[in-house]
1. Translational D (Stokes-Einstein, µm²/s) of chain B at 20 °C and 1.002 mPa s when Rh comes from the Kirkwood sum over C-alpha pairs?
2. Mind checking the per residue accessible area of chain A for me, 1.4 Å probe, whole number of Å²?
3. Would you work out the charge dipole size for chain B about its Cα centre, treating the Cβ of every Lys and Arg as +1 and the Cβ of every Asp and Glu as -1, and quote it to the nearest 20 debye?
4. Taking the Cβ of B:PRO42 as the centre, find all other residues whose Cβ is under 11 Å away and add up their charges (Lys, Arg: +1; Asp, Glu: -1).
5. I want the antiparallel fraction of DSSP beta bridges within the protein assembly as shown, as a percent rounded to 5.
6. Report, to the nearest whole %, how much of the accessible area of the range B:1-75 belongs to carbon and sulfur atoms, 1.4 Å probe, protein only.
7. Can you compute the FRET efficiency between A:ALA68 and B:GLN54 using 1/(1 + (r/R0)^6), with r the Cβ-Cβ distance and R0 = 35 Å? Round to the nearest 0.05.
8. Within the accessible area of chain A, what % is carbon and sulfur when the probe is 1.4 Å and the other protein chains stay in place?
Amino acid sequence: TQLLEQSPQFLSIQEGENLTVYCNSSSVFSSLQWYRQEPGEGPVLLVTVVTGGEVKKLKRLTFQFGDARKDSSLHITAAQPGDTGLYLCAGGERFNKFYFGSGTKLNVKP
Amino acid sequence: ETGVTQTPRHLVMGMTNKKSLKCEQHLGHNAMYWYKQSAKKPLELMFVYNFKEQTENNSVPSRFSPECPNSSHLFLHLHTLQPEDSALYLCASSHTSGIEADTQYFGPGTRLTVL
């Protein structure tokens, strides 16, 4: 059984602070996605990474895929209240199988 | 906004009712998925359809019955549900090569409450 572990589970910070959340697995994935989900809504895709060691930047968000394609991190610079939400990582493998972590719930206080 | 719509957004039903959830994607994808999201648990994959054919049933109880009449539409028929089935049900779609997993796009979900 595939298992993606996300840490921390909860994070409450002040506006302007930096943070990093992690997504770890003992399994290798062909791709890894990061999503943000707001209460009562579906997850919204932020980024997909497919190459070991890949780094992608999306404004203040930096995503990294581990060299061995087993883990990933999401770094947010100068967090804003609009970044508040549940951050989910999902590992994809062959034949459209996806495995989700349980998420990091981020609260950015003004 | 993501091109995947779900109806209804909220549903309350008794344990003896029969209801259906609907999902439609406007992205030209050929794979569709049903997920269950319960409090404090990871998203659970329920069913996968590739080119209208079911390719994954993740040990889902028979009181959940999926239907995929074409690549753009996906239904989840519900009957004799239990209170523990209350959850957010999410539909997603993606391209598929049949080999590698492609990025999924999610709908807004249906919040289901079983009384």
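1. Using the Kirkwood radius from Cα pairs, D works out to 152 µm²/s.
2. 48 Å²
3. In total the dipole reaches around 480 debye.
4. Every neighbour counted, the sum reads +1.
5. Just about 90 percent of them are antiparallel.
6. 48 percent
7. Working from the Cβ atoms, E equals 0.60.
8. 50 percent
The values are calculated or read from the model by the stated rules, or taken from the named source; none is laboratory data. Nothing here was measured: the structure is a model prediction, and the numbers come from that model. Ideal geometry is used to build each Cβ from the backbone, glycine not excepted, and the neighbour counts take in all protein chains shown. Just the protein is used for accessible areas: all its heavy atoms, side chains included, with ligands, DNA and RNA removed. Shrake-Rupley method; radii C 1.70, N 1.55, O 1.52, S 1.80 Å.
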